[in-house]
Each structure stands twice: as C-alpha cells, then as structure tokens.
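The values are calculated or read from the model by the stated rules, or taken from the named source; none is laboratory data. Everything numeric here is computed off the predicted structure, so don't read it as measured data. A quick note on method: Cβ atoms are made from the backbone with ideal geometry, for glycine too, and the neighbour counts reach across all protein chains shown.
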Amino acid sequence: MKFNNIIIEEQKRIAIDVLKKLGSNNIKAIVAGGAPRNWEFKNPANDIDVFIESSEDILQYNIEDIFNIKPKERENLFGTSIFENERFKDVVNKELYKNLKHVNGVFDAEIDGQKIQFILFNSVSKNKNEFRNKVFDSFDFGLCKIAYLISSSFVETFLSDEFMEDFENKKLTASIDKMLIYNNVRSLPRRAAKLKELYPEFELVIK
C-alpha cells in the first residue's frame, strides 16, 4: 500500500506538470476517467488521459512543441507514426477512435516514464468547468466521471454525482442512450469487462 501511494503521488505530480504546461499556453485541459478513478481507489493508473479542448483544427495546439518533441511528417491523423521521436506517437488502437465525432485525435506519449494519452476533444466551452462537464457527458460509466484539474491556483479532484452514486452503491452504471449519441456502443462489452475485472464487487447496470 505504501509503495502504491508513492507511485500515485508521482503520477499526480506528472499530471500537474502536464496540466500546468498546457495551461500556460492557454489550453483548457483536464485529467479525467481511469487515472483519477484509480487514484480515488488508492490504486496507481496504467496511463493518464489528458483531455484537451480542441476545435476542428486538430493541429492548432502543437502539443509536440510544448513538450519539446519535434514533429516529422504529418500523415493522416489515425495513420502510422507521425513523429520522429519514439516517445510521442500516433495511438495504436486507431479503430476505437476513428468514428467518434467528439474526438479530433488521440496521441500516446511517455513523460518522465509515465504513459500519457493526449485526447483532443472537439469542444468550445466558456470555462474549464463547462469543458469538464462536456467530457463527462461523453463517458458511459458513472464510475469514470471523475476529474483531476487545476482550478484557479489549486489542484482539485472533482467527483461527479454519478461517480458518487455508483461509488456508494457499488454499481457500474452505463447509459445506452448516451453511448448511442457518442457512437461507442460497440466497445461497451470491452469496457464493461475491464471495469468488472477491476471492481468485481460492483454490480453491472445497463440502463
């Protein structure tokens, strides 16, 4: 348990550094989903999903420049490697994301030894709270609706009502209607099986 705590604190430090760098470039970004959920359960994360507000122009934020990674040839968004630096490459599981209209791009990176996924989320919002809610709205399971973000001058873990309800009632609740809207029904069995494996004591509920 003590070793887990050390890993979690290091992962949080990396997440904060990433969010600060993006914020200093006037980019709305939050860490949401699996990583903060795992941290809340006192478990380290496998990777850290960083959601970045993006318009239709997926290249406008030049993430590779912010993190000192030199771009090579820019191919199709979901093509093969588009960066010469092996630490920053196009996401491998391209079939999972190519039909999601709310996602403009997904890129894998490794920062300080930690796997990071930069998810360019198709959104225009007034503030970080509105952006956070839009990201949550695209999630199917309530237990994933948790975020780690920099709010004003402090770091905040935001627990949605859906997260708290499922956490307290030990349920894995997903909405079919929501999945139809965001075109991610086909991957439901995979995500449900993964969550059920992580939390076997939780009851699976599909509404």
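Quick notes
- One residue stands out in the stretch 188-207 among those that are surrounded by 17 or more Cβ atoms within 10 Å (Cβ to Cβ) and closer than 19 Å to Asp137 by Cα: the one that is modelled with the highest pLDDT, namely Leu195.
- Odd one out for Asn26 among (1) modelled with pLDDT of 90 or more; (2) at positive phi: (1)
- Cβ pairs under 7 Å, 6+ apart, first in the stretch 18-40 and of a type in the set (Phe, Trp, Tyr), second part of a loop (DSSP other than H, G, I, E, B): Trp39/Ala45
- Pairing residues of the stretch 137-166 that are free of Cβ contacts under 8 Å to residues at least 12 places away in the same chain with residues that are among the hydrophobic types (A, V, I, L, M, F, W, C) and surrounded by 14 or more Cβ atoms within 10 Å (Cβ to Cβ), at Cβ distances under 9 Å and at least 6 apart in sequence or on separate chains, gives Glu156/Ala147; Glu156/Leu149; Glu156/Ile150.
- Of note, Ile116 satisfies the criterion of being modelled with pLDDT of 75 or more and either part of a loop (DSSP other than H, G, I, E, B) or among the β-branched types (Val, Ile, Thr) (or both).
- The one condition in (1) modelled with pLDDT of 80 or more; (2) within 21 Å of Phe131 (Cα to Cα); (3) over 15 Å from the mean Cα position of the chain (by Cα) that Ser55 fails to fulfil: (1)
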